[in-house]
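This report refers to the structure that appears directly beneath it.
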Amino acid sequence: MNIFKVSKTNKSLVTSTIIALLASTAFSPILAVEYIIDDTTNVQNGGNTLNAGDSLTILSTGVININTFIVHAVSATNGSTTINNYGAINALSPASIGIFASSNLNTISNYGVIDTVGNNGNAIETTGNNNIILNAGIITTQGNWARGIEAVDSNTITNVGTITTQGFQAYGIQIGSGNTITNMGTITTQGASSAGITAFDSNTITNMGTITIQGGFAAGMQISDSNIISNVGTITTQGNFANGIEAIDSNAITNVGIITTQGAFSAGIKARDNNIINNSGYVVSMQSNSFSFSSFGGHTNTLNLTAPSFIGGTIDLGDATTLNITTGRSQSNLWQFDPTDLVGGAPTINGDVPWAYNVATGAFATIDPTALSAAPNMVADMAGSLSDVARNNGGDDNWWLSGFGSWSGYDANGIYNDYYNYGGGIVGGISSQVSDGFNVGAMAGYGVNYLTVNSKWKTSQTINSKGVVGGIYGNVELDNFFANFSVFGGAMGNDSSRFVNDNLATNSAGETWGIDYANATYNSWFISPELRIGADIDTGSDWTISPSAMIRYTNQATDGYTETGSNANATMAARTVQMIEGNVELAASTALENNGKLTLAGGIDYRQALSGNQAVTLIGENITIAQNTASTIIGYVSANASYELGGASLDLSAKAAFGTNGYKSVAGSIGISGKF
């Protein structure tokens, strides 16, 4: 006997009574009925069967238990039913199914728990067409040949919940032809020959969630012919012969997500004939091929690699593969191909990031140009910090000592990754009044810069710079007008570590993670003259207004060097980079107690990098990397204060700025000053 609690709104008492009586045998097709289960129901014989148009809701307090061989907890036999599970369905015998729809146009939604135990025990199965299946809850199967969700043709399946299967050939989702599958949740399978998603022909499958596979001869996705596959999420497999995605004929596969396989003969993407594979994502096979292609009967495959593709593992292109590479914003790469596997013997390469291809070896390489194009901004940041420190401390006092620090960040733009730069140091200076209205001074100290370039998958490059800095400065006052002049410079030692995605690079365990580093040590020098002119305007109150304008030129010369430590070591020629900066500012100053002073300012900077192209030798090929010369407009505000402390002065400053190209920065200094 089916034990259902039955309710129907807007029905007469007579109609409700008739429906309740019919429910005790088989649900009548005469009237569409709404069934609600809110407590425990133990099904022994026949299961719960829905007729056309019926609906069933299992509330959060509802439970259906079934422990009879080949008996289903809920069955939809005549189509157009609606099934919502918020509670629990437990199918505890072999070949028992939680929800079974042998008809068409059903809507099945699981928000609760469906648990099956036993071989061939599927959580949700439909043998009909045009059904809509949603899992937003938890599905668990334990048994060989058991599926979380199984469907035949032309169904729509969405998983935003969790599907876990355990057993031989236990699939998370198995479908026939013409289905649409979207996974935004989690699919986990454990067992030999299992798969997260397995499909036959002409399906559209999108993974935006996580698929995790454990077991030999398994696959994250296992597909047949003419499917459209997109991986935006993560696919991970562990086990021998366990592939991330394996495909047979004429499929279109796009990966922008992450595919990682661990195990002998476990490929990231394995395909046979006439497949088109588009990859801009992460594909790593720790013990085998990242890509593995084969063909029969003269059929070929096409592999399109687009930045920011990350590859770890041998690339096996089979007998005849068309390879297209498009460079762009990414990390530096070194990918090794066998030219004899390529249609035409070489890839087709295009894109804005300069590249090198060695025809003899089949090696392809790029260098992330971000750090090279960041060099003018790095040295401009240091020159600007030295200028601010001298301006804030080199006043009427004879001596001063100051520590300063800054952080600046730049957003990704075009082919360049986002990056940030830390700068700082400690400097001291002395000054002297040559005559009325004419002061000169000198300063020296130690400065550091730390540049970090990001990329989608790894930190692309770091450059740690440190060395001596210094300069001379002075100011001339004539009535209410003033002119500040200075020349700053420094000699820096630089340690660079450039990440290289070398697809054949291994870790200490011999696993091909694709991670390598090209390292270098080199010297650089910079000089930065500057002139600021302005006027002090007495407002007749406690404040003095000071409009001013500044121009600064910075020139940095860098030694040539050759990297070490990787299979893609580059030789960089000596280079000069230049930056021109202009500035207009409006400042307001007032006296504080104890002979102190407060200055508030706001202004606009304009930065323009000049051409400083880099000549490079990479994998035996000579290339040129162009300097980014995009200008930057920066707005800033600052505050400076000094306080007398018994013969000495405490000097504080802070500055914040925002600009075009995603520029932002904060800076500050603290110092002491006094008279001899």
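The values are calculated or read from the model by the stated rules, or taken from the named source; none is laboratory data. What you are looking at is a predicted structure, and each value in this text was computed from that prediction instead of being measured. Virtual Cβ from ideal backbone geometry, glycine too; neighbours counted across all protein chains shown. Please note that ligands, DNA and RNA were not included when accessible areas were found on the heavy atoms of the full protein model with its side chains. Shrake-Rupley method; radii C 1.70, N 1.55, O 1.52, S 1.80 Å.
Can you give the alpha-carbon Rg of the range 573-676 over 2.2 N^0.38 Å, where N counts its residues?
Compactness ratio reported: 1.61.
What are the equivalent ellipsoid semi-axes of the range 106-168, built from the alpha-carbon gyration tensor (square roots of five times its eigenvalues), in whole angstrom, biggest first?
Result for the range 106-168: semi-axes of 19, 14, 8 Å.
For the range 343-459, what does the equivalent ellipsoid look like in terms of its semi-axes, each the square root of 5 times an eigenvalue of the Cα gyration tensor, given largest first in whole Å?
Value: 47, 13, 11 Å, ordered largest first.
May I ask what percent, to the nearest 5, of DSSP beta bridges between residues of the chain are antiparallel?
55 percent
Could you please state, rounded to a whole Å, how far the C-alpha centre of the range 491-527 is from the C-alpha centre of the range 136-173?
Taking the Cα centre of the range 136-173 as reference, the centre of the range 491-527 is 44 Å away.
Suppose the chain between residue 525 and residue 168 were pulled fully straight at 0.36 nm per residue; how much longer would it get relative to their current alpha carbon spacing?
121.9 nm
Quick one: what Rg and Dmax do you get for the range 429-502 from the alpha carbons, in Å?
20.0, 65
Using a 1.4 angstrom probe, figure out how much accessible area the range 485-544 has per residue, in square angstrom, rounded to the nearest whole.
Each residue of the range 485-544 exposes 45 Å² on average to a 1.4 Å probe.
Given a 1.4 Å probe and the protein chains all in place, what does the accessible area of residue 513 round to, in Å² to the nearest 10?
Number for this one is 80 Å².
Over the chain, what percent of the accessible surface lies on carbon and sulfur atoms, probe 1.4 Å?
Values: 14920 of 26250 Å².
Solvent-exposed carbon and sulfur of the chain make up 57 percent of the total.
Based on alpha-carbon positions alone, could you give the equivalent ellipsoid semi-axes of the range 49-147 from the gyration tensor, as √(5λ), descending, whole Å?
Listed largest to smallest, the semi-axes of the range 49-147 are 19, 15, 12 Å.
Roughly how tilted is helix 13-23, in degrees to the nearest 10 and between 0 and 90, from the longest Cα axis of the chain?
Value to nearest ten degrees: 80.
Once the Cβ-Cβ distance between residue 573 and residue 105 is put in as r, and R0 is 56 Å, what FRET efficiency do you end up with, to the nearest 0.05?
Computed FRET efficiency for residue 573 and residue 105: 0.20.
Just to make sure I understand: if all protein chains stay in place, what is the order of 269, 619 by accessible area at 1.4 Å, largest first? Before the final figure, lay out each step's value.
Values: 269 0, 619 30 Å².
If we order 269, 619 from most to least accessible, we get 619, 269.
Over the residues of the range 127-237, compute the C-alpha Rg and express it relative to 2.2 N^0.38 Å.
0.92
Whose amide H sits under 5 Å from the amide H of residue 275, counting only residues 5 or more places off or on another chain, with H placed in the peptide plane?
Correct list: 250, 251, 302.
Using only the alpha-carbon atoms of the range 512-563, report the extent along each of the three principal axes, biggest first, to the nearest angstrom.
Taking the Cα atoms of the range 512-563, the three principal extents are 73, 28, 12 Å.
Calculate I(q)/I(0) for the chain by the Debye formula, one identical point scatterer on each C-alpha and no solvent, and give its log10 at q = 0.05 Å⁻¹ to two decimals.
-0.41
Under a point spin-label approximation (7 Å from Cα along Cα-to-Cβ), what is the residue 479-residue 637 distance to one decimal in nm?
Going by the 7 Å Cα→Cβ label model, 3.4 nm.
Would you be so kind as to identify which of 236, 365, 667 lies farthest towards the positive end of the dipole of the chain, taking Lys and Arg as +1 and Asp and Glu as -1 on Cβ and the Cα centre as origin?
236
For a 27 Å ceiling on Cα separation, which of these pairs sit above it: 466/655; 466/675; 456/655?
Details: 466/655 23 Å; 466/675 30 Å; 456/655 30 Å.
Over 27 Å apart, Cα to Cα: 466/675; 456/655.
Restricting everything to alpha-carbon atoms, can you work out Rg to Rh for the range 260-408 with a Kirkwood hydrodynamic radius?
Rg/Rh: 1.30.
Mind listing the Cα extents of the range 591-647 along all three principal axes, in Å, largest one first?
Each principal axis gives a Cα extent; for the range 591-647 these are 67, 26, 13 Å.
Per residue, how big is the convex hull around the C-alpha atoms of the range 201-263? Give it to me in cubic angstrom, could you?
Hull volume over Cα atoms, normalised by residue count, gives 61 Å³.
Net charge around residue 579, counting only other residues with Cβ within less than 13 Å of its Cβ (Lys, Arg = +1; Asp, Glu = -1)? Display every interim value, and only then the final one.
Values: positive: 552, 607; negative: 381, 530, 581, 605.
Value of the local net charge: -2.
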